[in-house]
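Please read the structure below before turning to the comments.
The values are calculated or read from the model by the stated rules, or taken from the named source; none is laboratory data. From a predicted model like this one, the values you see are computed outputs, not experimental measurements. As a convention, Cβ positions derive from the backbone with ideal geometry for all residues, glycine included, and neighbour counts pool all protein chains shown.
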Amino acid sequence: MIRISGGLARGITLKVTKSKLLRPATEANRERLFSSISESLSEALVLDLFAGSGSYGLEALSRGAKFVHFVENNGRIFSDLKRNFEKVRKSARLIEKAASFSNRDVIEFLRKRENTYDIIFLDPPYKEFPKIGNSVFDFLITHNFVHQDTILVHEAPMEEVSSFENWELLKVLGKEKAGTPNYRFYTPEFSAFGQ
């Protein structure tokens, strides 16, 4: 179990499905992350890719985001994610329409949908990401998921490549130690919008 670390649903526990696919961020790491984006959260439209237990998107809702769309492919994990949303929704007194859910592959989702988000959380399985990383970053721009001020937060191991075409790396939050996850903050480059 992990807990929401701040906002209206602070202290609410989230169920984490036992799976090798999940490695939920610690409460301390989420607190550090959300402290660094707190000014961007109010009324934000958020996309949580590879959502897992939903800890990033649910934390965002607890702290003032207007809406989160969760994308998670694993059916068992997806069921727990929806239950976690209900707990947070009731605690924070959110409307049911504060979130929507897609139980599908992230690449499939990105190929078909065209909504724009203010904040995107990207927490893929580390082993899978090198195969699909460029496609994820490309689809986010080519299918209009972003605007010029979108912030993308990518959790990745320190040693993973951090350069993606049409994306500017703004900062890295975390320890510089091999095998340790850190947060990379990106924004689309101005040239990505063809202006």
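Looking at residue 14, is it surrounded by fewer than 18 Cβ atoms within 10 Å (Cβ to Cβ), touching a Ser or Thr at 6+ places or on another chain (Cβ under 8 Å), at negative phi and modelled with pLDDT of 90 or more? Even if it seems obvious, please write down each step before you answer.
On the way: surrounded by fewer than 18 Cβ atoms within 10 Å (Cβ to Cβ): no; touching a Ser or Thr at 6+ places or on another chain (Cβ under 8 Å): yes; at negative phi: yes; modelled with pLDDT of 90 or more: yes.
Spelling it out, it is not the case that residue 14 is surrounded by fewer than 18 Cβ atoms within 10 Å (Cβ to Cβ), touching a Ser or Thr at 6+ places or on another chain (Cβ under 8 Å), at negative phi and modelled with pLDDT of 90 or more.
Looking only at residues in segment 39-52 that are under 14 Å from residue 121 (Cα atoms) and of a type outside the set (A, V, I, L, M), which one is surrounded by the fewest Cβ atoms within 10 Å (Cβ to Cβ)? Steps first, answer last, please.
Pass one, segment 39-52, residues under 14 Å from residue 121 (Cα atoms): 40-41, 44-52.
Retained after the next criterion (residues that are of a type outside the set (A, V, I, L, M)): 40, 48, 50, 52.
Numbers: 40: 17, 48: 28, 50: 23, 52: 28.
Result: 40.
Could you tell me whether any residue of segment 30-50 is without any contact (Cβ under 8 Å) to a residue 60 or more places away in the chain and closer than 19 Å to residue 145 by Cβ? Before you say what the answer is, go through the steps one by one.
Going residue by residue through segment 30-50, those that are without any contact (Cβ under 8 Å) to a residue 60 or more places away in the chain are 30-31, 34-35, 38-39, 42-43.
Filter once more, so that each one left must be closer than 19 Å to residue 145 by Cβ: 43.
Yes, because at least one residue in segment 30-50 is without any contact (Cβ under 8 Å) to a residue 60 or more places away in the chain and closer than 19 Å to residue 145 by Cβ.
Please work out if residue 97 is touching an Asp or Glu at 6+ places or on another chain (Cβ under 7 Å) and over 21 Å from residue 156 (Cβ atoms). Write out each step before concluding.
Working: touching an Asp or Glu at 6+ places or on another chain (Cβ under 7 Å): no; over 21 Å from residue 156 (Cβ atoms): yes.
No.
Quick check on this structure: which one of 131, 175 is of a type in the set (Lys, Arg), out of contact with any helix residue (DSSP H, G or I) (no Cβ under 7 Å at 6 or more places or on another chain), over 23 Å from residue 44 (Cβ atoms) and assigned to a loop (DSSP other than H, G, I, E, B)?
On the way: 131 fails: assigned to a loop (DSSP other than H, G, I, E, B).
Among 131, 175, only 175 is of a type in the set (Lys, Arg), out of contact with any helix residue (DSSP H, G or I) (no Cβ under 7 Å at 6 or more places or on another chain), over 23 Å from residue 44 (Cβ atoms) and assigned to a loop (DSSP other than H, G, I, E, B).
What are the residues in segment 142-192 that are at pLDDT below 90, out of contact with any Phe, Trp or Tyr (no Cβ under 9 Å at 6 or more places or on another chain) and crowded, with 18+ Cβ neighbours inside 10 Å, if any?
182
Please pick out the residue among 106, 88 that is out of contact with any Ser or Thr (no Cβ under 7 Å at 6 or more places or on another chain) and within 25 Å of residue 18 (Cβ to Cβ). Can you show your working first?
Details: 88 fails: out of contact with any Ser or Thr (no Cβ under 7 Å at 6 or more places or on another chain).
Every option except 106 fails the conditions.
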